[in-house]
Amino acid sequence: MKHIMKLQTSEFIEIHKKFCAYIGARALKNPRLYSTIVTEFMVWLEQRGISHIKQVKQIELQEYYTYLIQRPNTRKAGTLSDSTIKNHLLVLNILFQYLLDSGFLKRIYVTPRYKIKDQKERSVLTKEEIKQLYAVCANELETVLLHICYGCGLRRSEAYMLNVKDIQFSQGIVIVCKGKWNKRREVPMSKKIQEDIKDYVVRIRPLLLKEQICIEQAFFVHTNGMRMSKNMLNKTLQEIVERSQQQQIIEKHITLHCLRHSIATHLIENNAGFEEIQKFLGHSCIDTTQLYAIRRKKRINLT
């Protein structure tokens, strides 16, 4: 909206000020955008005679969702873009979670989800389903693949580029030399993961290398002794899934990146902090990490 929006209600002014301070204290990109989105929402509430945040129920959130869908775009013809609507809803989710955590509210309602047409959401496995995949691994390489992409949360491209030298047993970490945007990070390994990976590196991998033993640095190697392709890594996962014979897992169409989403979700369920998960996954900003939390938080849904 091009005109300047100004809050009138003292409670909204206080919440807005404290929320902006909360955003400013964290690694959230474009804090001004958060301020603008929250201001627009609160001005919309004021225009409907709402002056206290506790008056906001599911019906108001649904009506505001409709408002966003229909709101004219002030920069060009038409309505708001898909990404802009999703940003508005994301910020509102973060706002209401802040209000719950800080004691302004004792319960919060579900912010409507906006799904881009034909966009599929990545599936997430439960902890029990992860155990079922581990149980049907046919060899050490399959087990280690789950360790790297689930237990360590590496992306498919990161698993593909992983070299043996990146596994630091003395420190108990996996070094991702070039993650997304060429970022480097260190991922901790559990004792069990260290033991299995060491067994693979010392006992299994040399058998796969054959004559390539002196030149191939790849961590994941095919039976021909060469680095496994990204598609081969995914194919290996699909073989594990099919072998499980669990229809609920098969129907989720799991990819290696889904394993990464799964560990993020499970860490949140175990009450790990956002900053800790952000560092573990290598997210450039905490906003992305909070997307996982939004799906997992218990809310009252009256729809």
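Worth a mention:
- Distribution of pairwise C-alpha distances over region 139-196, 10 Å bins, in %: 24, 62, 14, 0
- Amide N of region 16-50 lying under 12 Å from the label point, which is placed 7 angstrom from the Cα of Thr74 along Cα→Cβ: 36-37, 39-41
- Exposure proxy order (Cβ contacts within 10 Å, fewest to most) of Met226, Met161: Met226, Met161
- Given their separation in residues at 0.36 nm each and the Cα-Cα distance between them, Glu239 and Lys279 gain 11.3 nm when the chain is fully extended.
- Residue exposure sequence - Ile240, Ile175 - by fewest surrounding Cβ within 10 Å: Ile175, Ile240
- Using a Förster distance of 41 Å, the FRET efficiency for Thr66-Glu140 (Cβ separation, nearest 0.05): 0.15
- Distance from the alpha carbon centroid of region 1-66 to that of region 138-214 works out to 45 angstrom.
- Label-point gap, in nm, between Gln47 and Ile204 - each point 7 angstrom along Cα→Cβ: 6.0
- When only Cα pairs below 8 angstrom with a gap of at least 6 residues are kept, region 127-270 shows a relative contact order of 30 percent.
- If a spin label sat at a point 7 angstrom from the Cα of Leu33 along the line to its beta carbon, the backbone N atoms of region 58-81 nearer than 13 Å would be those of 81.
- Length gained when the stretch Met5-Gln247 is fully extended (0.36 nm per residue, less Cα-Cα span): 81.9 nm
- HN-Hα J in Hz across region 126-143 - Karplus 6.51, -1.76, 1.60, θ = phi - 60°, x for Gly and Pro: 6, 4, 5, 5, 4, 4, 5, 5, 4, 5, 9, 4, 8, 7, 5, 5, 5, 4
- Other-chain or far-sequence residues with amide H under 5 Å of Leu154's (modelled H): Cys149
- Residue pairs, from the table Lys17/Lys54; Lys17/Lys106; Lys57/Lys279; Lys17/Lys86, whose Cα atoms sit over 29 Å apart: Lys57/Lys279
- For region 18-79, the Kirkwood hydrodynamic radius from C-alpha pairs, put into Stokes-Einstein at 20 °C and a viscosity of 1.002 mPa s, yields a diffusion coefficient of 160 µm² per second.
- Sites Lys178 and Ile215, calculated FRET efficiency, Cβ-Cβ separation with R0 22 Å, nearest 0.05: 0.60
- Computed with the Debye formula from one identical point scatterer per Cα of region 127-270, without solvent, the log10 of I(q)/I(0) at q = 0.09, 0.17, 0.19, 0.22 Å⁻¹ comes to -0.26, -0.96, -1.21, -1.59.
No value in this document is a laboratory result; all are computed from the given coordinates. Remember, predicted model here, so these are calculated numbers, not experimental data. Ideal geometry is used to build each Cβ from the backbone, glycine not excepted, and the neighbour counts take in all protein chains shown.
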